[in-house]
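Okay, so here's the structure we're looking at.
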Amino acid sequence: KKDIKYCSYTGKGDVHGPNIKLPSEYKLPGKMRLESTLPAMNMTAQKLVVNGDSTSMTAPGQNFPVSDADRQRYQEQAYPFTEINYSKPGYSLQLAPMLENVDGKDAYLITVTAPSGTVSKKYYDAETGLKLKEEITSNQGSSTFTYSDYKEVSDIMFPFTQSISQQVDFNLKVTEVK
């Protein structure tokens, strides 16, 4: 749906023991706030804010500089569903000629190159069209996200289980979507 102006969701999980809470908020166009909090310690471990051309990243008590390349990448991600940007100039999409297998399901593989140079491989269920998996490679390394347990929220199918593999691996259960 291209008429989405606001979306927020909260995921909860644990990272090698400590519980983590990840509230994410998007206000279109181009505004995003992502946080990683540790509720048991009443601490925000990391916060990323994109407000149009302005991008800031903080961790306990410190602001971190954001490079131009990272700023562009974060601005590209400042949408709850980045797919809505794929028709914009600078994006390149390539559909793989064969279906892939993702957890026993046939999936279309689309390789997306964003204007920032970030390359992502997105796997969509051939039967439902829902995104099953995403592999992202950027100047900061690689990350893999898997999505499942889709539920309808305001006419949009939203994944209520997300597995994330980057510097650490963890699972999120989405507890709230607005």
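The values are calculated or read from the model by the stated rules, or taken from the named source; none is laboratory data. If you're wondering where the values come from, they're calculated on a predicted model, not measured in any experiment. Ideal geometry is used to build each Cβ from the backbone, glycine not excepted, and the neighbour counts take in all protein chains shown. Quick note on the areas: whole protein, heavy atoms, side chains included, nothing else; ligands and nucleic acids left out. Shrake-Rupley method; radii C 1.70, N 1.55, O 1.52, S 1.80 Å.
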Euclidean distance between Cα centres, segment 63-124 to segment 38-62, Å: 24 Å
- prompt: What is the magnitude of the charge dipole of segment 48-127 about its Cα centre, with +1 placed on the Cβ of each Lys and Arg, -1 on the Cβ of each Asp and Glu, and no other charges, expressed in debye to the nearest 20?
  reply: 220 debye
- request: With θ set to phi - 60°, apply the Karplus curve 6.51 cos²θ - 1.76 cosθ + 1.60 along segment 60-68 and write out the HN-Hα couplings as whole Hz, x wherever there is a Gly or Pro.
  value: x, x, 9, 9, 10, x, 10, 5, 4
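Take the solvent-accessible surface of the protein heavy atoms, probe 1.4 Å, and return the percent of it on segment 85-133 that carbon and sulfur atoms account for. All intermediate terms of the calculation are to be shown ahead of the outcome.
Working: 1510 of 2930 Å².
The value for segment 85-133 is 51 percent carbon and sulfur by accessible area.
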- request: Indicate the gyration tensor shape class of segment 96-177 (rounded, prolate or oblate), computed on the Cα atoms with a ≥ b ≥ c the square roots of the eigenvalues: a/c under 1.5 is rounded; otherwise a/b larger than b/c is prolate and the rest oblate.
  value: oblate
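How long are the semi-axes of the ellipsoid equivalent to segment 1-102, from square roots of 5 times the Cα gyration tensor eigenvalues, in whole Å, largest first? Provide the component values of the computation, followed by the final result.
On the way: eigenvalues 150, 74, 41 Å².
Those come to 27, 19, 14 Å.
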- request: Return the tail of the calculated pair distribution for the chain, meaning the percent of Cα-Cα pairs more than 22 Å apart.
  value: 48 percent
query: Given a Förster radius of 25 Å and the C-beta distance between LYS5 and THR82 as r, what FRET efficiency does 1/(1 + (r/R0)^6) yield to the nearest 0.05?
result: 0.95
message: If you count only protein heavy atoms with a 1.4 Å probe, what accessible area per residue comes out for segment 90-178, rounded to a whole Å²?
response: 59 Å²
- line: Note: SER148 to MET43 extended length (0.36 nm per residue) minus current alpha-carbon separation gives 34.9 nm
message: Just to be sure I understand: with springs between alpha-carbon atoms less than 10 Å apart, which residue in GLU100, GLU35, GLU152 has the highest mean-square fluctuation in the Gaussian network model of the chain?
response: GLU152
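With only alpha-carbon atoms in the gyration tensor, what are the semi-axes of the equivalent ellipsoid for segment 57-139, in Å, largest first?
On the way: eigenvalues 163, 45, 23 Å².
Result for segment 57-139: semi-axes of 29, 15, 11 Å.
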